[in-house]
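The values are calculated or read from the model by the stated rules, or taken from the named source; none is laboratory data. In this text, all values refer to a predicted model and were calculated from it rather than measured experimentally. All Cβ positions, glycine included, derive from the backbone under ideal geometry; neighbour counts span all protein chains shown. These accessible areas exclude ligands, DNA and RNA; they are computed on the full protein's heavy atoms, side chains included. Shrake-Rupley method; radii C 1.70, N 1.55, O 1.52, S 1.80 Å.
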Amino acid sequence: MFTSVLRSLPGKRGPSIVLALLISFALPYPISTLASGESVTGISTASAMVNTASPIPGLVVVATGNPTLDVRLQAGQADLSMTSTTGLTFTGPTSGPLLMFNGTKDDINAALNTLTYLRTNGIGSDTVEISLVGPGYVFNPINGHMYEYVDATGMGGIDWPTAEAAAAARTLGGYTGYLVTVTSQAESDYITPRIEGSSWLGGSDSAVEGEWRWVTGPEAGTQFWQGDMNGSVVSGGFANWNPGLEPNNMGGEDCAQFLTGSGQVGYWNDLPCDNTALLDGYVVEYGNVNGAFDVAYRSVSVTTTAPTTQVATCAAFQALDDVAGNYFNTIELQNDIDCQGFVVTPLFSQHGEVFQGTLDGNGYALKNIVIDLPSSSDVGIIGEADGATIKDLRIIGGSVEGEENVGGLVGQAQNLTIQNVSSNLTVVGEEAVGGLVGDMDAGEADLVISGNSTTGSVSGDYDVGGLLGSLDIEGPVEFLISKNFTKGNVAAEYYAGGLFGRVYYEAYDGDSVVSILDNYTWGDIN
């Protein structure tokens, strides 16, 4: 038996009611952290350096005496590790984005004192969370509810009716479980990244086709969606169907599931409720409109930045490719750099890396660049870039030759911002050839291509442009292309243009704003 004090919080579906309960309950294993008197103190913000194990100091578990506690420690976009783990028992890995372990308060605090955060996939904001809950449980600080992912792979998967009954048979802290309902964007955003596998949720239209209702929990009987993939939410409800695709009722699909495929995490799909569509597991929710769990929890906002690398010679510029991990850096030119006599290769291509940092020319020039790779793709001073910024740079003298995705500045790019860059390079390729960028995709960021100029010749077989060879616009992008100037011959067998060789635009279910203003071209287009 374990004793737990629960407190009332504003429920996700109702008003706050002052309610204090002293409940005794039996669990499959001790959930010591549901007891009262525990908290987590310490920092709320931290800084990290990309590709560097950075300390997250100051997190302390506070409890009376030295009890044994369960801990869930999680980062959204990084790996966590602790160099001191004496006395801890882990459920799962000892390093990674999710650590689950237990130990005495003193051993836990000794381990937390050595906590490090390692992000290798970019710079920006992230969150590290610590909550005193047992393995498999997730505490949601937004509504005070607890969630549990139940793995059913050992039984070959589980159908919806079995999952619904199994969820209702589970209890935690005096609450009866139910197949999870998701009734707000905030709840969806919080819990779906923490779901471990494909799983059922408590929605169905089996009673009346197209009338999607919650079948479980406090919302049982409440309709939240009307219609198919082109339908709409009902009475201020919430739904998170895979946009434009679901629900489609393909083959009698009457029950809702979380999607877990690439790019789909958090979206919903409809599936047959019976054994024709077994899933890996299901998610149980505990809590109601009148009460919720009082769990020790703390979040730390982590801002990851990248180092600044200053270069003053062509050898130093090319050496950026010698060490893996420089692709997030801010690179600053300290003077004009002459590459006469150097064998120049696309930057960051040696390790197959995509540049995601900032190249700041500081108004200086790269001179006499010669890149000769006629059988290669993604050819430019930088081979590939994603979410990068290149600005205040002059490129004087030389040539770039490749086969596909060939640009004077970047061969292939996604969501690239370019400002105040001038180039007079001769650029030669076959497909997607541009004075600055060979092939560019724009879709998920606010982008600017402004104040740039190209005055060299650009030639290829097709998709050849004085500025960009091929431009593909897809997604909720705000894209400003302004005050660019091209002067030089542009030659292609098919699709040539002073600014762009060819533009592809795919309609998006949302706002896409592309502004092309005050651009000028001067030269022959063949």
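Of the listed requirements (1) of a type in the set (A, V, I, L, M, F, W, C); (2) crowded, with 18+ Cβ neighbours inside 10 Å; (3) modelled with pLDDT under 95, A319 misses just one: (2). Looking at G387, G383, G408, just one residue is surrounded by fewer than 23 Cβ atoms within 10 Å (Cβ to Cβ) and small (G, A, S), and that residue is G387.
Mind checking which residues of the stretch 130-154 are open to solvent by 20 Å² or more (accessible area, probe 1.4 Å) and acidic (D, E)? Passing the criteria: only D151.
Conditions tested, residue by residue: (1) more than 25 Å from E353 (Cα to Cα); (2) in contact with a Gly (Cβ under 7 Å, 6 or more places away or on another chain).
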position: A48; (1), (2): no, no
position: A53; (1), (2): no, no
position: T68; (1), (2): yes, yes
position: A75; (1), (2): no, no
position: M82; (1), (2): yes, no
position: S95; (1), (2): no, no
position: K105; (1), (2): yes, no
position: A111; (1), (2): yes, no
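Among residues of the stretch 385-407 that are within 16 Å of G501 (Cβ to Cβ) and outside any strand (DSSP E or B), none has a beta-carbon under 8 Å from a residue that is basic (K, R) and modelled with pLDDT of 95 or more at least six positions away or on a different chain. Against the conditions (1) over 15 Å from A239 (Cα atoms); (2) within 29 Å of the chain's Cα centre (by Cα), A167 satisfies every one except (2). Residues being open to solvent by 60 Å² or more (accessible area, probe 1.4 Å), touching a helix residue (DSSP H, G or I) at 6+ places or on another chain (Cβ under 8 Å), over 30 Å from A53 (Cβ atoms) and modelled with pLDDT under 95 are entirely absent from the stretch 218-237. Residues in the stretch 383-429 that are within 18 Å of V464 (Cα to Cα) and among the hydrophobic types (A, V, I, L, M, F, W, C): V400, V406, L409, V410, A413, L425, V427, V428. I'd like to know if the stretch 348-369 contains one or more residues that are in contact (Cβ under 8 Å) with a residue 24 or more places away in the chain, among the polar types (S, T, N, Q), assigned to a strand (DSSP E or B) and touching a Ser or Thr at 6+ places or on another chain (Cβ under 9 Å). Yes, that holds for at least one residue. Among the residues of the stretch 341-364, which ones are buried (at least 18 other Cβ atoms within 10 Å of the Cβ), of a type in the set (G, A, S) and out of contact with any Gly (no Cβ under 7 Å at 6 or more places or on another chain)? Within the stretch 341-364, G357, G361 meet the criteria. Can you tell me which of N362, N335, N329 is over 25 Å from A432 (Cβ atoms) and touching a Pro at 6+ places or on another chain (Cβ under 8 Å)? Just a single option satisfies the conditions, and that option is N329. Taking the numbered list (1) within 21 Å of E38 (Cβ to Cβ); (2) modelled with pLDDT of 95 or more; (3) open to solvent by less than 20 Å² (accessible area, probe 1.4 Å) in turn, Y117 passes all entries but (1). If you take the residues of the stretch 78-103 that are buried (at least 17 other Cβ atoms within 10 Å of the Cβ) and touching a Pro at 6+ places or on another chain (Cβ under 8 Å), which of them is farthest from S301 (Cα to Cα)? Here the residue is M100. Against the criterion of being at pLDDT 95 or above, open to solvent by 20 Å² or more (accessible area, probe 1.4 Å), acidic (D, E) and within 27 Å of the chain's Cα centre (by Cα), D378 qualifies.
Beta carbons closer than 8 Å, at least 6 apart along the sequence or on distinct chains, pair a first residue in the stretch 36-51 that is over 30 Å from T330 (Cβ atoms) with a second that is among the hydroxyl-bearing types (S, T, Y) and part of a loop (DSSP other than H, G, I, E, B) for G37/T64.
Among the residues of the stretch 155-177, those that are closer than 19 Å to D270 by Cα and open to solvent by less than 40 Å² (accessible area, probe 1.4 Å) comprise G157, I158, D159, W160, A163.
Of V265, V283, V295, which residue is hydrophobic (A, V, I, L, M, F, W, C) and surrounded by fewer than 19 Cβ atoms within 10 Å (Cβ to Cβ)? Show your work before the answer.
Values: V283 fails: surrounded by fewer than 19 Cβ atoms within 10 Å (Cβ to Cβ); V295 fails: surrounded by fewer than 19 Cβ atoms within 10 Å (Cβ to Cβ).
One residue alone meets the criteria, V265.
Being open to solvent by 30 Å² or more (accessible area, probe 1.4 Å) and modelled with pLDDT under 95: is that true of L21 here? When the stated conditions are applied, L21 passes them.
Output the residues belonging to the stretch 325-340 that are closer than 26 Å to M49 by Cβ and open to solvent by 60 Å² or more (accessible area, probe 1.4 Å). Passing the criteria: only Q334.
Being in contact with a Leu (Cβ under 9 Å, 6 or more places away or on another chain) and of a type in the set (D, E, K, R) is the filter here, so list the residues in the stretch 307-323 that pass it. Correct list: D321 only.
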